[in-house]
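**Q** I am attaching a structure below and will ask some questions about it afterwards.
What follows draws every value from the coordinates through simple rules; no lab data is involved. Computed from a predicted structure; not experimentally measured. Note: ideal-geometry Cβ built from the backbone for every residue, glycine included; neighbour counts use all protein chains shown.
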Amino acid sequence: MCSKYMTLALALTFGLTGCSRFLNGNHSAKEDPNRSVVIDTKEVDCLQSMPVTFQKFFDDEAPTLTPAVECLKTALHTFERRFKGENAKYYKSEELQHFLNRYLLQKNQISDSFLVELMKLKLVLVGGDADHLTRDEIEQISQFIDDTEPFANSLRGQMKLLFFRETDSNRLNNFAATKENLLQFSKFILGRTQVTQSRYEFVDLKDFATELDKFLVDSTSLKSLLRWMPLAESIKLVFLGDHAKLYTKSEWASTTQWMVDAYIDVLEFYYQIKDAKLRTPAEWNQLMSWVDRSFDLVEKSPIMQERRVFAADALDRLIDDVWGLGLFQTNLTAPLIKDNYKKALVHFVQGLPGGQGSALAVDGITDEHLRILRKEYHVWKMTQIAIDDLYLKKSDWTIPELRHEIQTMSVTDLLNRVGGSSLEQEELQHSWQDFVNLISLKPMVVYGTDFKMKTMYNNDLVRTNLAGMNMLNLTKSIVRLVFRGYGDHSSPFVFENKMPESGLVHFEEDFRDFGRAIGFLDPRQIKPAERTFKEGNFFTYHGNGDQFLTSSEFYEHLNMLITGGSLVVGNIFDDLQAQGCLTQDKDIFGKQIAVEDCFVKLFKKNIKVYLSHIPWMAQYLSQLSDDQFKQAYQLLMSVGRLPTSQPNRVEWVEIRTLTTVLQYVESIYSVYDLDRDQMLSAKEVRGATPRFATFISSISPLKSHMVEDIFLYLVYEGKKPTGLTSLLAFKVKSMTGLPKADRMNLFKVIGVLKSEAE
Amino acid sequence: MVNLRLSALRAGLFEVLSGLRRLLMKDPFIAGLFLSVILVVLFSSRAHADILEPRVQASLTQANFLSPDYNLTQKKEFQFISVGFDTLSKFRADHELENGLQTQMIGMVAPGTAVLSYLDVKQLFWKQNFLSIGRKKESWSYIDNNFTLGMYQPLFQWDPLLPQQQGLTGVFLTVESPDTVIPWGFVAFGSPLFIPDQGAGYQIRNGQFERSNPYFQAPPKFFVIRGQTDTADYNIQKPDTNDVIFNRSFAGKVYFGKEQEGPYFQASFANKPVNQLALGFQGFVTPNNSVDVEIQPQVYYHSLASADALYSFKDVVVGLSALRESISSPTYDPQWTYVDYSRSDLISPFVKVRLKNFNIALSYLSVSGATETIKGDLSDQSSSYLPHRYPFQSAYQAVLNYRFRLVASQYLNFSTRYLQGSQNEFTLWTTQASYQFRSNWSVSMTTQMVAVQDSAAGNLISYQAYNNNDAVAMGVNYVF
């Protein structure tokens, strides 16, 4: 019995006590009542590196966008299967915001306003409801991203090019391929999205970019893009209007095609035209091709097709934005540009005479303006084609060779190559003849290989290059434009018109602020138009001193001003800077004022360099004694000296006048020193008299009487007659013979003329 | 250390008894019931001679969880009242059963913890000669029987550490020829019905599984998604009852010899739904900073083929059992996450020693195959949460049964099972003992001890979730 109980006890003990290993605390994670499942979302970790991937793609450093595309698809797929809104079939926009912010983004949060922009974009991509994103739409977006990949990848290596950041010249040649890829991409976007049915506008895109920038916080690349947004919007406003009325697929397709063409055109300008040196005919041909395409684009722009006008408001805004971005380093202000382009339209393009028409009445650039501008471009282009042809044959020509070649060129061939409309043919033929006439003039305006207008006894000896001929073509076109508005409109052909002094005065009045801003006009100068008119009449090769400026006079004068008043003074100023001759004081143009002694010393030392375009003048001045040089300098400076000039200081404008006057004198010399002995005989001086006769008559109490005697008096006495007695005394004296006059005499005459003109 | 644990066990026993006392004091109904039982006990005119042949049994039980780290429920002690009705407690061959209704069922109520209440109908069938209709247990496979794997027959898994077989439900055709030179027989089973495993009860309140059932492993309460912790919101998509119930099954078994004497061989085959429903789930993050978890149970099929060969000596039985399971894939939509198992082969040698009041069985089980492939969106995160096909891959098992008569009407019954992983990664030790101190009165005690390593191997063991479910239960039983 006892053993039985013992057995029972053993059994119970064995059964109950167990092994100590069971009761010890061994807490497995599965028993934790607060245990959690960690949902691994490694598949969307790639989102973190997505900005870098895209940045590399935009920097042309990533070979493909495929990993980023895969990541996006995975993220979408993950989102779709891991997140559920209150309604299982769709997500409310605020639910999307919550999910993305809380789980996927965390660092960068989607604001309410960014959410609105995202949903707008969603509408464009897949349509639907602005407040909902359905699961089916997520699939569509994923498919869209998938389908986008090959098109996006087709642009790999071209992103810097597309975003104006390419610096590798080897990559700048294949615009055609880039254009084709961009076009295919655009067509795909059009075909696959709901953009044609949406009301998505540029302002939405801008708002999206703005919100995206806030979202990304420190995206430098986006910030740089945003900087251009206002400009892009302005350009859009000009060419597409405020609300583009695109209703059909074909309208969208044609507009998209236009936008791609325009974008590529701008790219070509940025990479190939903007910094082109234009030193070869090929570069000029490239420029002309680009301008042709640009004209086509502008004429075919949606707004021009629809409204026949680029609205002035939009253009003004565009100018404001361009200036706001500081794209041009210039003293010209946006209001000035806005005012002057309208004036240019009124006078240069519409051809309204000075004093008529108003910039305020300009509604914008109309198709009529474009046609005229294109015609003037064709005028320029026709000559340019001829010039390019010549310089494709060789790099420099003598004038007789040029004349022969140009005079014998086939006008028909040139016309065909210009490609102008049939309505332009007559004008083009005339304009070509104008150019032939200018080339045939003796002396003719000619630029040396140093790109300065040469003034010599025989300009035919000069060898000229492409740059020089281009300048002639350019100035000829400028003359045409000015004469369109300010000529006397006596002939339907612009170059046959004449410009009265009042025309030039109007021109100066209309563009005074512009002229002053570019430093062409000095505000301290009195009646600059009248002065210029006289200078054009007196000192050009073919000036005749009458009441009009002919187109050739204006053309010659313009080139003189460019050389003497710009190029030469520019060279001098560079040297003044290098020699430390400039003070810290600045003139009204912001240019540093030079120390006069230093300038004179430098000028004299380098006179043959500075005056290489007037070599005989340089020779003359270099041979003068110090006293004579000083006298000559003082005579010349008496013409250009400003009333505000300070002792031992000389301003840029004064030097410009000096060099210009020297060119004027040499122009007279080259025409009237018929025996080319560096001196003007009395006969030669008399020969010049008609040029000044009208002027002398206008200021002489004797009117048209004794004009020649008065002029001789001026030349030989260096002053105007003090009265009839002195004039008669000089006349008696001249009967016994007059010595030859040299350039110093003419310096004096110019001084007198200047003071009399004033 | 040992003293400490012994004191813990003593404290557990004390808690069991005091818990019973509290139960009686707290609930007048329970107290009345208990009093009635006592009165019946004291004045009962009927007495059963053998506790192993009960017809109706009522029990009062108190269970206590002993481990200081136990935390599956907030309370650690539970009380149960159960009533069982059993006509089949003693094993008999089919031809030994009388025609008529046979049953083996038990119902239990857990006062205050309704989720623990159950009705376990292990068997309930009508027998008419060789034909039986209803739920009936058969010995389809020794492996399935010995290790209670629930391959052929569903399991009653109220306590996953102490699973019990339930019968298949359908029509059984049993033909036996016990008296021929070579005894033989076969069982054919077919059914349009399917009743899966009966698991532990659970409650979901506000999307969260209540911590009310110590035998139910609640899924995780939180989800951490990219650093954000969200509350889980569970919803079980209960399949249509018809979709579960109306699934056809068929099985067959043929045997030769006598199990208790000489050589014996049996082979079985079945094609039927897997007794353990597949569990698929999908989770969605919601705008409310919670994760909606949809759980969808699903019926799927497998084919079983098994063979058992054994030889019974006088006191020793040696045998070898093998089973192959070919399992189909559940048919979830792609968004669901679920586990797909490959074919598995199980083999188990065993030896059994039979003495007068005592028998001991030693066996070993090895599972090969059953590779788990988790499919679906959340496959990477789900390996720890989806069920394994088998509770373990290989293990040794020792089962000891002891029945001892103390005096004329006093018996001691003792049974213990010791299951240990072949890599020592887990140990499960369950013991059941009863002491019949009067002809219809007994007290019983059940203990279960489990230890699973917190290691890679341990993570593959289904018992790991109940690592601290070390418990002792004591009860008093009355047989009517």
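**Q** Which whole number gives the average, over all residues in A:528-535, of C-beta atoms from other chains lying within 10 Å of the residue C-beta?
**A** Partner Cβ neighbours, averaged per residue: 0.
**Q** In 5 Å bins starting at zero, report the fraction of Cα pairs in the stretch B:155-200 per bin as a rounded %.
**A** Cα pair-distance distribution for the stretch B:155-200, in percent: 6, 19, 15, 14, 14, 14, 11, 6, 2, 0.
**Q** With +1 on each Lys and Arg Cβ and -1 on each Asp and Glu Cβ, and nothing else charged, work out how big the dipole of the stretch A:495-647 is about its Cα centre, in Debye to the nearest 20.
**A** My answer is approximately 440 debye.
**Q** Another question, then. Given the stretch B:417-480 reduced to its alpha-carbon atoms as identical point scatterers, what log10 I(q)/I(0) does the Debye formula return at q = 0.13, 0.19 Å⁻¹?
**A** Log10 of I(q)/I(0), two decimals: -0.46, -0.70.
**Q** Could you give each residue of the stretch B:121-135 its phi-based ³J(HN,Hα) in whole Hz, using Karplus coefficients 6.51, -1.76, 1.60 with θ = phi - 60°, and x for Gly or Pro?
**A** For the stretch B:121-135, the Karplus curve yields 9, 6, 9, 6, 8, 9, 9, 9, 6, 8, 10, 10, 10, x, 9 Hz.
**Q** In addition: Taking every pair of alpha-carbon atoms in the stretch A:168-274, what share in percent sits in each 5 Å bin, from 0 to the bin with the longest distance?
**A** That works out to 2, 10, 16, 19, 22, 18, 10, 3, 0, in percent per bin.
**Q** Compute the Rg to Rh ratio over the stretch B:147-306 from the alpha carbon atoms, using the Kirkwood formula for Rh, and round to two decimal places.
**A** Reported Rg/Rh, Kirkwood definition of Rh: 1.14.
**Q** What is the ratio of the Cα radius of gyration of the stretch A:288-426 to 2.2 N^0.38 Å, with N the residue count, to two decimals?
**A** Its radius of gyration relative to the 2.2 N^0.38 Å reference: 1.30.
**Q** Output needed: percent of Cα pairs per 5 Å distance bin for the stretch B:216-298, bins running from 0 to the one holding the longest distance.
**A** In whole percents, the pair-distance histogram is 3, 11, 14, 13, 10, 9, 9, 8, 7, 5, 4, 3, 2, 0.
**Q** In the protein assembly as shown, if the dipole is taken from +1 on Lys/Arg beta carbons and -1 on Asp/Glu beta carbons about the Cα centre, which of A:GLN584, A:TYR620, B:LEU131 is farthest to the positive end?
**A** Ranked along the dipole, the leading option is B:LEU131.
**Q** Can you compute the equivalent ellipsoid semi-axes for the stretch B:164-227, i.e. the square root of 5 times each eigenvalue of the Cα gyration tensor, sorted largest first and rounded to whole Å?
**A** Semi-axes from the Cα gyration tensor: 47, 13, 12 Å.
**Q** Normalised by the residues of chain A, what does the relative contact order come to in percent, with Cα pairs under 8 Å and at least six apart?
**A** Taking the mean separation of contacting Cα pairs over the length of chain A, I get 8 percent.
**Q** State to the nearest 20 debye the size of the charge dipole of the protein assembly as shown about its Cα centre, where the only charges are +1 on K and R beta carbons and -1 on D and E beta carbons.
**A** In debye, rounded to 20, the protein assembly as shown gives about 2960.
**Q** Let me ask you something else. Take the Cα gyration tensor of the stretch B:305-434, multiply each eigenvalue by 5, square-root it, and list the three semi-axes largest first, rounded to whole angstrom.
**A** Listed largest to smallest, the semi-axes of the stretch B:305-434 are 39, 19, 12 Å.
**Q** From the phi angles alone, apply the Karplus equation (6.51, -1.76, 1.60; θ = phi - 60°) to the stretch A:452-461 and give each ³J(HN,Hα) in whole Hz, x where the residue is Gly or Pro.
**A** 10, 5, 7, 10, 9, 4, 10, 5, 5, 7
**Q** Would you work out the Kirkwood radius for the stretch A:651-718? I mean one over the mean of 1/r across all pairs of different Cα atoms, in Å.
**A** Taking every pair of different Cα atoms in the stretch A:651-718, averaging 1/r and inverting gives 13.2 Å.
**Q** So, one more: So for the stretch B:228-361, if I pair up every lysine 8 or more residues apart or on another chain, how many of those pairs have alpha-carbons under 23 Å apart?
**A** Lysine pairs, 8 or more places apart or on different chains, close enough: 8.
**Q** Which net charge results when you count Lys and Arg as +1 and Asp and Glu as -1 among the other residues whose beta-carbon is under 13 Å from that of A:SER726?
**A** Combined, the nearby Lys, Arg, Asp and Glu give +2.
**Q** Any idea which of B:TYR478, B:ALA433, B:GLN423 is furthest toward the positive side of the dipole for the stretch B:379-480, if Lys and Arg beta-carbons carry +1 and Asp and Glu beta-carbons -1?
**A** B:TYR478
**Q** Express in nm, to one decimal, how much length is gained between B:ARG324 and B:PHE222 on full extension, taking 0.36 nm for each residue of separation and deducting their alpha carbon distance.
**A** 32.9 nm
**Q** Scan around B:VAL317 for amide H atoms under 5 Å from its own, H built in the peptide plane at 1.01 Å from N, and keep only partners 5 or more places away or cross-chain.
**A** Under 5 Å from the amide H of B:VAL317: B:LYS352, B:VAL353, B:ARG354.
**Q** Here is a follow-up. Decide, for the protein assembly as shown, between rounded, prolate and oblate: order the square roots of the alpha carbon gyration tensor eigenvalues as a ≥ b ≥ c, take rounded if a/c falls under 1.5, and otherwise choose prolate if a/b is larger than b/c, else oblate.
**A** The shape class here is prolate.
**Q** Now for a different question. Taking the Cα-to-Cβ direction at B:SER303 and at A:LYS731 and moving 7 Å from each Cα, how far apart do the two end points lie in nm?
**A** With each label placed 7 Å out from Cα toward Cβ, I get 14.3 nm.
**Q** Sequence neighbours fewer than 8 away in the same chain don't count; with that in mind, list the aspartates and glutamates whose C-alpha is under 20 Å from A:LYS720.
**A** The reachable aspartates and glutamates, counting only those whose Cα sits under 20 Å from A:LYS720, are A:GLU535, A:GLU684, A:GLU708, A:ASP709, A:ASP742, A:GLU756, A:GLU758.
**Q** Also, I was wondering about something else. Hey, got the average number of other protein chain Cβ atoms within 10 angstrom for residues in B:463-471?
**A** Taking the mean over all residues of the peptide, I get 4.
**Q** Run the Debye formula on the Cα coordinates of the stretch A:455-605, all scatterers equal and no solvent, and tell me log10 I(q)/I(0) at q = 0.11, 0.13, 0.18 1/Å.
**A** Rounded to two decimals, the profile gives -0.54, -0.73, -1.17.
**Q** Ok, one more. Sorted by average packing, counted as other Cβ atoms within 10 angstrom per residue and highest first, what order do B:224-236, B:167-179, A:369-381 take?
**A** A:369-381, B:167-179, B:224-236
**Q** So, one more: Using the eigenvalues of the Cα gyration tensor, what equivalent ellipsoid semi-axes result for the stretch A:601-698 when each is taken as the square root of five times the eigenvalue, whole Å, largest first?
**A** 25, 19, 11
**Q** Which residue, A:PHE151, B:GLY252, B:GLN104, has the largest displacement toward the positive end of the dipole of the protein assembly as shown when charges sit on each Cβ (Lys, Arg +1; Asp, Glu -1)?
**A** Of A:PHE151, B:GLY252, B:GLN104, it is B:GLN104.
**Q** Filter chain A for me: DSSP H helices, axial length by Cα at least 27 angstrom, mean Kyte-Doolittle hydropathy not below 0.5. List them by residue number.
**A** A:466-486
**Q** Okay, moving on. Please report, in whole Å, how far the alpha carbons of the stretch A:565-606 spread along each principal axis, starting with the longest.
**A** Taking max minus min along each principal axis of the Cα atoms, the stretch A:565-606 gives 28, 21, 15 Å.
**Q** Given the -39500 (n - 2.57) contribution per DSSP H run of 4+ residues, what per-residue ellipticity at 222 nm results for chain A, rounded to the nearest 500 deg cm²/dmol?
**A** -19500 deg cm²/dmol
**Q** Here's something else I'd like to know. Apply the a/c threshold of 1.5 to the C-alpha gyration tensor of chain B and tell me whether it is rounded, prolate or oblate.
**A** Oblate.
**Q** Just to confirm a number: summing +1 for Lys and Arg and -1 for Asp and Glu over residues other than B:SER306 whose beta-carbon lies under 10 angstrom from that of B:SER306, what do you get?
**A** Overall, the nearby charge balance is -1.
**Q** Here's another thing I want to ask about it. Past 28 Å, Cα to Cα: identify those pairs from A:LYS608/A:LYS731; A:LYS122/A:LYS300; A:LYS342/A:LYS375; A:LYS187/A:LYS277; A:LYS92/B:LYS375, in the order given.
**A** A:LYS608/A:LYS731; A:LYS122/A:LYS300; A:LYS187/A:LYS277; A:LYS92/B:LYS375
**Q** Pull out a ≥ b ≥ c, the square roots of the eigenvalues of the alpha-carbon gyration tensor of the stretch A:391-491, then state rounded if a/c is under 1.5, prolate if not and a/b is larger than b/c, and oblate in the remaining case.
**A** oblate
**Q** Subtract the Cα-Cα distance of B:LEU101 and B:ALA457 from 0.36 nm times their separation in residues, and report this length gain in nm to one decimal.
**A** Net length gain for the segment: 123.5 nm.
**Q** Compute the relative contact order of the stretch B:351-443 as a whole-number percentage, counting only Cα pairs closer than 8 Å that sit 6 or more residues apart in sequence.
**A** 23 percent
**Q** Percent relative contact order of the stretch A:686-752, based on C-alpha pairs within less than 8 angstrom and at least six residues apart?
**A** 30 percent
**Q** A further question follows. Measuring from the lowest to the highest alpha carbon on each principal axis, how far does the stretch A:473-536 reach, largest first, in angstroms?
**A** 37, 23, 19
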